[in-house]
Amino acid sequence: MPTGTTLNPAPPAPKRRPRGGGTLAVLAVTTGVFSIVTTEILPIGLLTPIGATFRISAGTAGLMMTLPGIVAAVAAPVVTVATRRADRRTMLCALLLVLTLADLLSALAPAYWAVLTARIALGLVIGAFWSIGSGLAPRLVPEHRQARANTLIFSAVPLGSVLGVPAGVFLGSLAGWRAAFLAMAALTLLALVALLRSLPPLPPLTVTGLGVLRGLLAGRGTRTGIAVTFLIVPAHFGSYTYVTPFLTDTTHAGTGLITALLLVYGAAGLLGNVLAGGRAAGALRPVFGAAALLLAGAALLLPLLGTGGPGAAILLTLWGVAYGAVPVCSLTWFLAAAPHAPEGAGVVFTSAFQAAFSTGALTGGVVVDHSSPGTVMLLGGTVALLAAAAVWRYGHRIRPEPAP
């Protein structure tokens, strides 16, 4: 799932809202988003203990990050088309039920194959949620409260890094990594109950078919957006997925320091998200380019200056601010290229982001198994420099594609 975005490609709100909704529904959706995001990135903080449990390498453990992205990339367009007439309330509740079962399977997994099975189910949830769940706020609250509701719902994305992962690492240090997934199952079940009680019926307002998606993929703006995404997202996840082994081996950080550093990174990501969210639409190229350059600098310098706690803290703070801007900038790129089809643009964005996410985690796993976490950081930083160059080269050429 894309982490750190505050921009929501919402379809037009209906003139009359059905009964239900309101603040409780927005809070329920927010909790569901938090559960999905935290479950997706939780292995980043627990990679070492999970690998030790099943006696696997860091690269093999990284498959926990790769598989959900692959499945989500396929699920986003497939589910969008297959369920284009299904009630969104029913779909969202079903997806959270699947996520609850996936968290339980991870917690009780007798072998690594069971963990990977749970991660495949998670990928389905991620792809389906972001393809059908966009634009909920305008259907749950009056117009004058929609902006605030959007901000609340999507604040759960960076909060997964700020609170979810550090809390999971802390709980794992006290009771084992399985306890972290048990806690996520309980939280997801709570979100499911809240959705059942608060969401009104939500029949689809717009229909996104294969023709719309094919038309978007034919546009230059969408294609360049995909290219940039396939540089900056693997640059980040190909290296950040293995930040825990790096902090353990190179920084010689213990569990407490790693938890603190991940918390610092997450808080910085929330700041970057807020800063970019208000500026990306009007100044996409400078904001996106600056984020890519800052990410590149942090990753490249981490093996040199991150050998101690203070240096690692400073660089992870800069990294967090940089990556916090990436999802909102990437989504802004796709929406700017196709303002006539915001749901379709969101689907293409989700597929591209998740495919790039899994590609980065997989590549990083291969490199870390044959080299070291420090080498992964250097490779990620180099690719981020290429992303910055691509943003500068093509960022000023985004033009809306004509509606079909």
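Has segment 232-241 got at least one residue that is over 23 Å from Gln354 (Cβ atoms) and either in contact with a strand residue (DSSP E or B) (Cβ under 6 Å, 6 or more places away or on another chain) or among the β-branched types (Val, Ile, Thr) (or both)? Outline the logic, then answer.
Start the filter on segment 232-241 by keeping residues that are over 23 Å from Gln354 (Cβ atoms), which leaves none.
There is no residue in segment 232-241 that is over 23 Å from Gln354 (Cβ atoms) and either in contact with a strand residue (DSSP E or B) (Cβ under 6 Å, 6 or more places away or on another chain) or among the β-branched types (Val, Ile, Thr) (or both).
Sort out which residues of segment 102-115 are surrounded by fewer than 19 Cβ atoms within 10 Å (Cβ to Cβ) and in contact (Cβ under 8 Å) with a residue 24 or more places away in the chain, and write them in order of number.
Leu104, Leu108, Ala111, Tyr112
Looking at Tyr240 and the list (1) closer than 18 Å to Ala291 by Cβ; (2) crowded, with 22+ Cβ neighbours inside 10 Å; (3) in contact with a helix residue (DSSP H, G or I) (Cβ under 6 Å, 6 or more places away or on another chain), which single condition is not satisfied?
(3) is the only condition that Tyr240 fails.
Check segment 132-142 and report whether any residue there is outside any helix (DSSP H, G or I), modelled with pLDDT under 85, under 16 Å from Val37 (Cβ atoms) and of a type in the set (Ser, Thr, Tyr).
Going residue by residue through segment 132-142, those that are outside any helix (DSSP H, G or I) are 133-136, 141-142.
Filter again for modelled with pLDDT under 85, leaving 133-136, 141-142.
Of the ones still in play, those that are also under 16 Å from Val37 (Cβ atoms) are 133-134, 136.
Narrowing the set further to residues that are of a type in the set (Ser, Thr, Tyr) leaves 134.
Yes, some residue in segment 132-142 is outside any helix (DSSP H, G or I), modelled with pLDDT under 85, under 16 Å from Val37 (Cβ atoms) and of a type in the set (Ser, Thr, Tyr).
Among what's in segment 250-283 and is out of contact with any Pro (no Cβ under 7 Å at 6 or more places or on another chain), of a type in the set (Gly, Ala, Ser) and part of a helix (DSSP H, G or I), pick the residue that is farthest from Val321 (Cα to Cα). Full working, then the answer.
Filtering segment 250-283 for residues out of contact with any Pro (no Cβ under 7 Å at 6 or more places or on another chain) gives 251-258, 260-261, 264-265, 267-268, 271-272, 274-283.
Cutting the leftovers down to of a type in the set (Gly, Ala, Ser) gives us 253-254, 256, 260, 267-268, 272, 276-278, 280-283.
Then keep just the ones that are part of a helix (DSSP H, G or I); that gives 256, 260, 267-268, 272, 276-277.
Working: Gly256: 22, Ala260: 16, Ala267: 8, Ala268: 5, Gly272: 4, Ala276: 9, Gly277: 12 Å.
The extreme case among them is Gly256.
Per-residue answers, yes or no, for (1) within 12 Å of the chain's Cα centre (by Cα); (2) within 18 Å of Ile44 (Cα to Cα):
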position	(1), (2)
Gly324	yes, yes
His340	no, no
Ala345	no, no
Gln354	yes, yes
Phe357	yes, yes
Gly365	no, yes
Val368	no, yes
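Collect the residues in segment 209-246 that are closer than 20 Å to Ala345 by Cα, of a type outside the set (A, V, I, L, M) and assigned to a helix (DSSP H, G or I), keeping them in residue-number order.
Hits for segment 209-246 are Gly211, Arg214, Gly215, Arg220, Gly221, Thr222, Arg223, Thr224, Gly225, Thr229, Phe230.
Filter segment 41-91 down to residues that are part of a loop (DSSP other than H, G, I, E, B), of a type in the set (D, E, K, R) and touching a Leu at 6+ places or on another chain (Cβ under 9 Å), then give me how many there are.
Keep residues of segment 41-91 that are part of a loop (DSSP other than H, G, I, E, B), which gives 55-57, 62, 83-87.
Narrowing the set further to residues that are of a type in the set (D, E, K, R) leaves 55, 84-85, 87.
Now narrow it down to the ones that are touching a Leu at 6+ places or on another chain (Cβ under 9 Å): 87.
Number satisfying all stated conditions: 1.
What residue, of Ala267, Ala253, is among the small types (Gly, Ala, Ser) and either in contact with a Lys or Arg (Cβ under 6 Å, 6 or more places away or on another chain) or within 17 Å of Leu305 (Cα to Cα) (or both)? Write out each step before concluding.
On the way: Ala267 fails: either in contact with a Lys or Arg (Cβ under 6 Å, 6 or more places away or on another chain) or within 17 Å of Leu305 (Cα to Cα) (or both).
Exactly one residue qualifies, and that residue is Ala253.
On the given criteria, is Leu189 crowded, with 20+ Cβ neighbours inside 10 Å and under 17 Å from Leu92 (Cβ atoms)?
no
Which numbered condition trips up Thr229, out of (1) within 25 Å of Thr363 (Cβ to Cβ); (2) modelled with pLDDT under 90; (3) of a type in the set (Ser, Thr, Tyr)?
Condition (2) is where Thr229 drops out.
Sort out which residues of segment 337-377 are among the small types (Gly, Ala, Ser) and either more than 18 Å from Leu231 (Cβ to Cβ) or part of a loop (DSSP other than H, G, I, E, B) (or both), and write them in order of number. Break it down stepwise before answering.
If we filter segment 337-377 for residues that are among the small types (Gly, Ala, Ser), which is where we start, we get 337-338, 341, 344-346, 351-352, 355-356, 358, 360-361, 364-365, 371-372, 374.
Result: Ala338, Ala341, Gly344, Ala345, Gly346, Gly365, Ser371, Ser372, Gly374.
Pairs, please: C-beta under 9 Å, at least 6 apart or cross-chain, first residue touching a residue at least 12 places away in the same chain (Cβ under 8 Å) and in segment 300-329, second among the charged types (D, E, K, R) and not in a helix (DSSP H, G or I)?
Taking only residues 6 or more apart or on different chains, the pairs are Ala325/Arg279.
The values are calculated or read from the model by the stated rules, or taken from the named source; none is laboratory data. Given the structure is predicted, the values throughout are model-derived calculations rather than measurements. Heads up, the Cβs are rebuilt from the backbone with ideal geometry, glycines too, and the neighbour counts pull from every protein chain shown.
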